[in-house]
Amino acid sequence: MEAKKRSKMAWLWENMKGYRVIYIVGILGTLVYNVMQLTVPYFTQKIIDLFLTGEEATANLVNKRALFFQLIITMIVLTFVRTLIVYLVCMDVEHVSQKVLYRIRVHLFDKIERQDMQFYNTYRTGDLMTRVTGDLDAVRHMIAWVIRSIVEAFALLFATAAYFFYMDWHLAISILAIAPFIMVIIVLFRNKVAPRHKALREKLSHLNTAAQENISGNRVVKAFAREDYEIKKFDTCSVEYSKTNKKTAMTWLNYFPYIEAFANLMPVVLLVVGGLFIINGRITMGEYVAFSSLIWAVQNPMRMLGNIMNEFQRFSAASDKVMEIYYSEPHIVDKENAVDLPERFRGKVEFKNVSFRYEDGNLPVLHNISFVANPGETIAIMGETGCGKTSLIQLIPRFYEPTEGEVLVDDINVNDMKLAQLRKNIGLATQDVLLYSDTIDGNIAYGDSSLTKEEVEKFAKYSAAAKFITKMPEGYDTIVGERGVGLSGGQKQRISLARALAVKPAILILDDTTSAVDMETEKQIQHSLNELDFPCTKIIIAQRVSTTKFADKILIIRDGRITESGTHEELVAKKGYYHSLVQLQTGEEV
């Protein structure tokens, strides 16, 4: 998964579509109000030379009093206008930054949602959360503050330098000769701080991952009384983040004194050289005052550039992380010529010489798997833990793709189908149940929000969940806690089964879905699955013989291969693995 090679600024510009004109207006406003910084020193120079220190100052106070008040009023009005422009510019760029932030965040979540399983095997939840939150805030800060500050610093610096040269180029060169030394220090700082910001983002990602995993796994922590251990582990991550954060901050503090020292040389140069120029009559007192009142306009941009560079490197490190997800593409997507199958599937499933291995694994998981599940049949899959049962069923909805062979649904290769149409015809319930922080009704109707209350109740009866649901405080309107906290394993599995049935799938896949329910409940579920009011092919992974014995076909998988295949009676007669399993679970000779 490789992000497209695109510059960070081009990426920002791409996401400003629709707001570019507004943003450019804001940047132009930044140029304008910084150039207007020169107005007060300019009018101050005129007032001093005309009415205070000039040869005709006394006469001008008498004869040009109106001009004096005109200069004062103009200076006040322009100051007010500049303040208004500053306010409008800040509102403008903040508005654009929030719009861009919203656009990128929505796009990012959309990208994450549409990724395939390999993506989730690669990225940790805490890492993804960091990219959608903290890293995006650095992007917003870049638009709202960093770019504007860069424009502000250079606009103020060049406008002031031009005005200095306009008044006296010798004095201007004397003051600005210090600037190159400051720029060299800033470049050295940038080279030092860039890798530290990248390390800081990684440490933050690790910190968030540790927090997310421990909060979501709090029951395991408490079950093993490992609170102190987890607190210590989190503290280690926190200390690492804190150290890296301090080291990053100290980088700027190590370079700042040198920048400050060179910046503070400018007033000294002005005092010495400017004083000599006044004595020699080269510049007027008004011009000296203008130089003096604008010296900050050269110093501050120099100081700001170091801080701006620090924030830019923060943005650079964060945007690398965001863009990696932003331009990522799933491997499993619809083909351009994918078959359009708007009608409900018949439910036939066929594996033809299918082999499979995970991208990060060397050994194959499945070897030359072949079988057929005809519409309406029930296929049971059994085998030892880790033999490849779950990997096999994940090939049907194309969570993964086989490395060899074909998986066919209704005699069409699933690779040639549209993913949405394929998956809408499949109901999936797994042993590891995830329920959302919603009502029980909302969880059951997750796959089809248009279900009526009566339909939800019907599917709850199919999964033997109706009885315990009606006993809950608010029945079907009871809010299920995060991941179903507060429900037993069997209750969660039954709600998960109801959710899978609620989409009325043509193919129902159950991955050890009844492992946590009692035998009586399992018997009710089996009866219900045989009495569904819609046609459905069932592929069931199970460990209990009581679940598989009534299947039309039972597949035994060992080491990724089908070693036995047939009905319950046929497999018992073969005296193989299944026969041993039946004896082990029933305790009877068969």
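The values are calculated or read from the model by the stated rules, or taken from the named source; none is laboratory data. Quick caveat: nothing in here was measured; it's all calculated off a predicted structure. So basically every Cβ, Gly included, is an ideal-geometry build from the backbone, and we count neighbours across all protein chains shown. For the accessible areas, the whole protein counts, side chains as well, though only heavy atoms, and no ligand, DNA or RNA atoms are used. Shrake-Rupley method; radii C 1.70, N 1.55, O 1.52, S 1.80 Å.
Descriptive notes on the structure:
- In segment 87-104, residue farthest from ILE22 (Cα to Cα) [restricted to those that are touching a helix residue (DSSP H, G or I) at 6+ places or on another chain (Cβ under 7 Å), buried (at least 17 other Cβ atoms within 10 Å of the Cβ) and not polar (S, T, N, Q)]: ILE104
- A single member of GLY275, GLY286, GLY281 is open to solvent by 50 Å² or more (accessible area, probe 1.4 Å) and over 28 Å from VAL184 (Cβ atoms), and it is GLY281.
- Residues of segment 470-488 satisfying the condition of being in a helix (DSSP H, G or I), within 32 Å of the chain's Cα centre (by Cα) and modelled with pLDDT of 80 or more: ASP477
- Looking only at segment 500-516, residues that are of a type outside the set (S, T, N, Q) and buried (at least 22 other Cβ atoms within 10 Å of the Cβ) come to 9 in all.
- Matching residues in segment 380-398 - criterion: being more than 17 Å from GLN118 (Cβ to Cβ) and open to solvent by 50 Å² or more (accessible area, probe 1.4 Å): GLU384, THR385, GLY386
- Within the set GLY376, GLY447, GLY442, the sole residue that is free of Cβ contacts under 8 Å to residues at least 40 places away in the same chain and open to solvent by 10 Å² or more (accessible area, probe 1.4 Å) turns out to be GLY442.
- Pick from segment 177-210, criterion closer than 29 Å to THR44 by Cα and at pLDDT 85 or above, ranking: most open to solvent (accessible area, probe 1.4 Å): ALA177
- As a summary of the residue check, GLU406 satisfies the conditions (1) open to solvent by less than 40 Å² (accessible area, probe 1.4 Å); (2) in a strand (DSSP E or B) except for the one numbered (1).
- Residue in segment 197-216 that is in contact with a helix residue (DSSP H, G or I) (Cβ under 7 Å, 6 or more places away or on another chain), in contact (Cβ under 8 Å) with a residue 60 or more places away in the chain and farther than 17 Å from GLY126 by Cβ present: yes
- Within segment 349-373, restricting attention to residues that are open to solvent by 40 Å² or more (accessible area, probe 1.4 Å) and under 19 Å from MET417 (Cα atoms), the residue that is nearest to the chain's Cα centre (by Cα) is LYS352.
- Members of segment 485-499 that are under 23 Å from VAL545 (Cβ atoms), crowded, with 21+ Cβ neighbours inside 10 Å and in contact with a helix residue (DSSP H, G or I) (Cβ under 8 Å, 6 or more places away or on another chain): ARG494, LEU497
- The number of residues in segment 384-403 being part of a loop (DSSP other than H, G, I, E, B) and more than 31 Å from the chain's Cα centre (by Cα) comes to 5.
- Selection of segment 322-340 for residues being aliphatic (A, V, I, L, M) and crowded, with 19+ Cβ neighbours inside 10 Å yields VAL322, MET323, ILE325.
- Among the residues listed as VAL433, VAL503, the single one being touching an Asp or Glu at 6+ places or on another chain (Cβ under 8 Å) and assigned to a loop (DSSP other than H, G, I, E, B): VAL503
- Members of segment 517-543 that are polar (S, T, N, Q) and open to solvent by less than 10 Å² (accessible area, probe 1.4 Å): THR537
- Enumeration of residues in segment 218-253 that are over 30 Å from the mean Cα position of the chain (by Cα), assigned to a helix (DSSP H, G or I) and either among the hydrophobic types (A, V, I, L, M, F, W, C) or surrounded by 12 or more Cβ atoms within 10 Å (Cβ to Cβ) (or both): ALA223, LEU253
- Residue-level analysis places ILE507 among those that are modelled with pLDDT of 85 or more, under 23 Å from ILE393 (Cα atoms) and touching a strand residue (DSSP E or B) at 6+ places or on another chain (Cβ under 6 Å).
- From the options GLU343, GLU401, residue that is at pLDDT 90 or above, out of contact with any Cys (no Cβ under 7 Å at 6 or more places or on another chain) and open to solvent by 40 Å² or more (accessible area, probe 1.4 Å): GLU401
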